[in-house]
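Have a look at the structure below, then the notes.
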Amino acid sequence: MWQVIGHTWAVDLLQRSLASQRLAHAYLITGPDHIGKTHLALEFAAALNCNGEEVPCHHCTPCRKTVQGTHPDVQVIEPEGARLKIDQIRRLQYDLALSPHEGRRRVCVISQFERATTEAANALLKTLEEPPRHVVLILTASDASLLLPTIVSRCQILPLRSVPTPIIEAALRERIAEEARVQLIAALAGGRVGWALQAIQEPALLEQRQDNARQMLQVLCHGRARRIQQAEMLATHEDVQGMLQTWQLCWRDVILLQHHCEELLANTDLYEELAQIATSSSPEQASTAWQSTRTMLDQLEKNVNARLALEVMFLSWPRVEVGVTDSV
Amino acid sequence: MKISCLQENLSKGIAIVNRAVATRSTLPVLSNILLSTDESRLKLSATNLEIGINCWIGAKVEQEGATTVPARLLADLVNSLPAERVDMELITRTQTLNLKAGRFEANIKGIDAQEFPLILVPEEDMRVQIDPDVLRQMIDRVAFAAASDESRPVLTGVLADFSDDGLTLAAADGYRLSVCTTELEQAPEQPTSVIIPARALQELRRISGEQEEPVEMLVSSGRNQAYFHLKDIDLVSQLVEGTFPAYRQIMPTTFNTETIVSTADLLKAVRMAFIFARDASNIVRVQMVPGGENSGRMIISATSAEHGDNVSEIDATVEGKPIEIAFNARYLIDALDVMDTAQVSIQTRDASSPGTFKPVGGGDFVHIIMPMHIPR
């Protein structure tokens, strides 16, 4: 049984190619972060070396080793630091030239391939085109358009899409009992299964999000002077990006509330506060605020000065009186 | 697991398997040695997924079992123990190995043996036996010529070709080629050729040091692994996938000059030339001047623009046309080092064709070196 949440079509496709023994030598799995790309790749790796009847069985030794990450023939390569480097690829090429150690195939999962340097990507071309007999390569990337076209054309592409919220909800219900939390996490996940599962295991993730949202509500209460002060303070926050993402989602919800689409709300636990913002600001203001948050997220990737960008963004947000206790 | 054995044996066994312990690996268990009981012996195993070594040592087994412990730690500890009986007991609950020798006691934290990759004994497909001395000599003659650069994995391996003519080992790195053939007592059932990593053969050479009985070689049916069976030691090597270059085609068939020279004299002259050649891309010029029995000469020279030059002249038997050819001194030294006969024969055609080196009366061994371009 494939233990994959969602992505049924991709699982079907891989299963069929396994059953008919018509495997591609290289696969490229694309999709947003935390959607289950590497997980799907590892399930496939387990299926390739599984000894059970219904592959992957998750009971036999090869399956267990693959899941634990101790299978000698299954390698997962991740970027070293910020980039995936040519040395990693060279080392891999040597390992791939050897016959599999105990399984039927050597499987190599190279994750986040969009972070490979051009040299590393080019070095892989030859292997990707004509890997040794026993090898199956699985690349993952957030988007095929970020890779060299020469890489993409050598792989069978599996573009994964966001997993529908009901499926995530169903999966979460098997793991936690509280219905309110199930719905909140599923809504916040926005199709990212990996994030949802992580949120169950690490409550800190949700707490962090609540803190972030509270920061936003505070900013909205204040005038310009206090906002600039707060920008200075938040610029040194350890995860500015995560904070901005929360804010962007909050503004999205405000816009949805203004258009009476309560059922699409993601931050269900903040309903009252968001509703307050929605009624006391105009749709134009909310949309400008969403836009400026989005712009800042983009700029952050281009190494903008976080403090200045935060100031600009805060000044473009409307002033709203929200009933939150000021605890700065 | 509860066993006792002698420190001496344990230390020796660890030294043998230690070389197969992985130094760079993503699997933590590979930097461990697997200790397991095998009837009345203790089996030590290590693997880096390329080479795996099993070594059996005599032990008194009180309770069967298996565990893995960090190789470095175990080796350092056992080597510093006194030469007496060592008692080992595994505490299963914590995967801790309790080790006692005389008044010394240690506890080593291990990893569950279940996590250790299997070193499989291949299904029998092709089996030959070979004399350990012959095997060692062949490895010495061939393995050094394999490429150390991993960018072309096939060239880091040694081609082992089993046929009715015997066993042929061949290795090449693009600049030199070594081919050595020996007859086998029993011809293999079917001709087989596989590429064995040079590193595995060098390890085999090392661990077969004290071996006197014939070494048994097996190639498994999936042709995944080569398996060498020695007394109390097994070495299993993964094979390199791919096609070895058709080396027979590049072996020169004709020559214009044949030089026969004393191996020791030539080696000495080349070593001397290398002192200067080091700064000049290792270029050593070799000039052959024809003449009959020891009336010919060989002139070896090297020039360094910065440090000066050197010329040595040695007696040789040279037949054919005079020639001047340049070689990489490093390659000449490597090749002459493994020529264990008094004289070596050098066949050359012209300054841009490879030179063929053969030991005179030293079996079926050919070493070919590409010449270097001499700047005029």
For the protein assembly as shown, the percent of accessible surface on carbon and sulfur atoms (probe 1.4 angstrom, ligands and nucleic acids excluded) is 48 percent
What is the gain in length, in nm to one decimal, between A:SER17 and A:GLN3 on full extension, counting 0.36 nm per residue of separation less the C-alpha to C-alpha distance?
3.3 nm
Tail beyond 23 Å, pair distance distribution of segment B:53-173 (Cα, percent)
57 percent
Value of D in µm² per second that Stokes-Einstein yields for segment A:205-328, Kirkwood Rh from Cα pairs, at 10 °C (1.306 mPa s):
110 µm²/s
Any idea of the accessible area per residue across the protein assembly as shown, 1.4 Å probe, to the nearest Å²?
47 Å²
Radius, Kirkwood style, for segment A:30-124 when every pair of distinct Cα atoms is counted (Å)
14.1 Å
Please compute how much accessible surface disappears when B pairs with A, both sides summed, using a 1.4 Å probe, and round it to the nearest 100 Å².
1900 Å²
For the table A:LYS65/B:LYS12; B:LYS12/B:LYS231; B:LYS2/B:LYS109, the rows whose alpha-carbon distance is greater than 22 Å are A:LYS65/B:LYS12
Per residue, how big is the convex hull of segment A:163-202 when only Cα atoms are used? Give it in Å³.
52 Å³
Classify segment B:29-92 as rounded, prolate or oblate from the Cα gyration tensor: take a ≥ b ≥ c as the square roots of its eigenvalues, call it rounded if a/c is under 1.5, otherwise prolate when a/b beats b/c and oblate if not.
oblate
Where Rh denotes the Kirkwood radius from the mean inverse Cα pair distance, what is Rg over Rh for segment B:76-127?
1.19
What fraction of the DSSP beta bridges in segment A:45-158 is antiparallel, stated in percent and rounded to the nearest 5?
10 percent
Size of charge dipole - segment B:206-339 - debye, nearest 20, with Cβ of Lys, Arg +1 and Asp, Glu -1, no other charges
420 debye
What translational diffusion coefficient, to the nearest whole µm²/s, does segment B:126-248 have by Stokes-Einstein, given a Kirkwood radius computed over alpha-carbon pairs, a temperature of 4 °C and 1.567 mPa s viscosity?
91 µm²/s
Once amide H atoms are placed 1.01 Å from N in the peptide plane, what residues at a sequence separation of 5 or more from B:GLN95, or on another chain, have their amide H within under 5 Å of its amide H?
none
Convex hull volume of segment B:325-370 per residue (C-alpha atoms, cubic angstrom):
66 Å³
Using just the Cα positions, wrap the protein assembly as shown in a convex hull and report its mean projected area in square nanometres, one decimal place.
42.4 nm²
For segment A:94-115, list whatever residues lose no less than 30 Å² of accessible surface once every protein chain is in place, relative to that chain by itself, with the probe at 1.4 Å.
A:TYR94, A:ALA97, A:LEU98, A:SER99, A:HIS101, A:GLU102
Nothing charged except the Cβ atoms of Lys and Arg (+1) and of Asp and Glu (-1): what's the magnitude of the dipole of the protein assembly as shown about its Cα centre? Round to the nearest 20 debye.
1220 debye
If you take the Cα Rg of segment B:193-291 and divide it by 2.2 N^0.38 Å, with N the number of residues, what do you get?
1.63
Quick one: plug the Kirkwood hydrodynamic radius of chain B (C-alpha pairs) into Stokes-Einstein at 37 °C, 0.692 mPa s, and report D in µm²/s.
142 µm²/s
With every protein chain in place, the accessible area of A:GLU284 for a 1.4 Å probe, in Å² rounded to the nearest 10, comes to 130 Å²
Relative contact order computed over chain A (Cα-Cα under 8 Å; 6+ residues apart), in percent:
17 percent
Taking the dipole of segment A:1-157 about the Cα centre (Lys, Arg +1; Asp, Glu -1; charges at Cβ), the one of A:SER142, A:ILE110, A:GLY81 that reaches farthest to the positive side is A:ILE110
Where a Cα-Cα gap under 22 Å defines reach, which lysines qualify for B:LYS268, not counting those fewer than 8 residues away within the same chain?
B:LYS358
Two-decimal ratio, chain A, of alpha-carbon radius of gyration to 2.2 N^0.38 Å
1.16
Kindly tabulate the residues in segment B:141-188 with an accessible-area decrease of at least 30 Å² between the chain alone and the assembly of all protein chains, using a probe of 1.4 Å.
B:GLU150, B:PRO153
In whole angstrom, largest first, the equivalent ellipsoid semi-axes that the Cα gyration tensor gives for segment A:72-192 are 34, 18, 13
In segment A:40-71, which residues give up 30 Å² or more of accessible area once the other protein chains are added, compared with their chain alone (1.4 Å probe)?
A:LYS65, A:THR70
Of all DSSP beta bridges located in chain A, what percent are antiparallel, nearest 5?
5 percent
If amide H atoms are built 1.01 Å from N in the plane of the peptide, which residues on other chains or at least 5 residues away come under 5 Å of the amide H of A:ILE77?
A:VAL109, A:ILE110, A:SER111
Percent RCO, i.e. relative contact order, over chain B, from Cα pairs under 8 Å lying at least 6 residues apart:
12 percent
Please state, rounded to one decimal and in Å, the Kirkwood hydrodynamic radius that segment B:252-369 gives when every pair of distinct Cα atoms enters the mean of 1/r.
14.0 Å
Calculated FRET efficiency, A:THR118 and A:THR236, Cβ-Cβ r, R0 41 Å, to nearest 0.05?
0.75
Given R₀ = 56 Å, FRET efficiency for B:SER295-A:GLN299 by Cβ-Cβ distance, to 0.05?
0.10
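The values are calculated or read from the model by the stated rules, or taken from the named source; none is laboratory data. For clarity, every value in this text was computed on a predicted model and none was experimentally measured. Because the Cβ atoms are built from the backbone with ideal geometry, glycine has one as well, and the counts that use them run over all protein chains shown. To get the accessible areas, we keep the full protein, side chains included, count just its heavy atoms, and leave off ligands, DNA and RNA. Shrake-Rupley method; radii C 1.70, N 1.55, O 1.52, S 1.80 Å.
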